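For reference, the structure discussed in these notes is given below.
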Amino acid sequence: SRMDAITGIGALIVSTTDRSLLLEEVVHWVERELDVPAVSILLLDERRRKLVFEVASGEKGQEVQAFTLELGEGVAGTVAATGQALIVDRAARDPRHQKYISDALDFPVDTILCVPIALHGEVIGVIEALNKRSGSFTPQDTDLLTVIAQQAALFLETARLYSDLQRRVDEATAGLRLANRDISSQKARLETLLAELESGVIYTDNHD
């Protein structure tokens, strides 16, 4: 069933270039497959070197997006800094867990599974799943989420390339519009000039 699920997420990833829609679908897919109430995708802001909650599900999904994490901060920041997946049981007792966020959201966190999203050997973000309903996270859960993270990384790169291409097409189209307007303006001026001439005008080709 998990192979079918992986095939399904792969088909989803190649079916759309809508970045937000795809990330939301990935989050909901992880919710269903890992039996968790909350999933987040955090992406690295290269300019500020912080992890930003790009999309998050669950009852506190909207509120958690107000927070950011430094590299090395919290479980997600640790995974982003090391590039290594982490399973955390009894998160409240783990010093890496940023309890102030769960306290601020009034959302107790018990178990955490977090894996890196890497592209060309560089970590660009993480996927984090919280509070598995059926017990602790397993190494098989880690393997599955790692595959999904790899698929998500490929999609994000595809979406970036598509966005760059679309921008270039838009710029080229805008340039063509300006050129056409300039040609139309010159044509109109020439037609006006010819219409107002009192003397005749003779056009000749290269052979006179």
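For the reader, a short list of remarks on this structure follows.
- Along its first, second and third principal axes, ordered by size, segment 17-121 spans 40, 28, 24 Å in Cα coordinates.
- Hull volume per residue, based on the alpha-carbon atoms of segment 125-208 and their convex hull, is 157 Å³.
- If you wrap the tightest convex hull around every Cα atom of the chain and split its volume per residue, you get 200 Å³.
- The local environment of Asp89, defined by Cβ-Cβ distances under 11 Å, has a net charge of +1 under the rule Lys, Arg +1 and Asp, Glu -1.
- DSSP loop trypsin sites (Lys or Arg not before Pro) with at most 14 other Cβ within 10 Å excluded, longest remaining stretch of the chain: 134-208
- Within the accessible surface of the chain, defined with a 1.4 Å probe on protein heavy atoms only, the carbon and sulfur portion equals 52 percent.
- Accessible area (Å², per residue) of segment 69-125, counting only protein heavy atoms and a probe of 1.4 Å: 50
- Centroid-to-centroid separation of segment 131-208 and segment 29-101 [C-alpha atoms, Å]: 35
- Taking GluC sites (Glu not before Pro) as exposed when their DSSP state is a loop state and no more than 14 other Cβ atoms lie within 10 Å, the longest site-free interval of the chain runs over 60-197.
- Candidate lysines - alpha carbon under 21 Å from Lys60, same-chain residues fewer than 8 apart omitted: Lys50, Lys99, Lys132
- Note: relative contact order over the chain, using C-alpha pairs below 8 Å and six or more positions apart, is 18 percent.
The values are calculated or read from the model by the stated rules, or taken from the named source; none is laboratory data. Everything numeric in this text was worked out from a predicted model, so none of it was measured. Virtual Cβ from ideal backbone geometry, glycine too; neighbours counted across all protein chains shown. Only protein heavy atoms, including side chains, enter the accessible area calculation; ligands, DNA and RNA are left aside. Shrake-Rupley method; radii C 1.70, N 1.55, O 1.52, S 1.80 Å.
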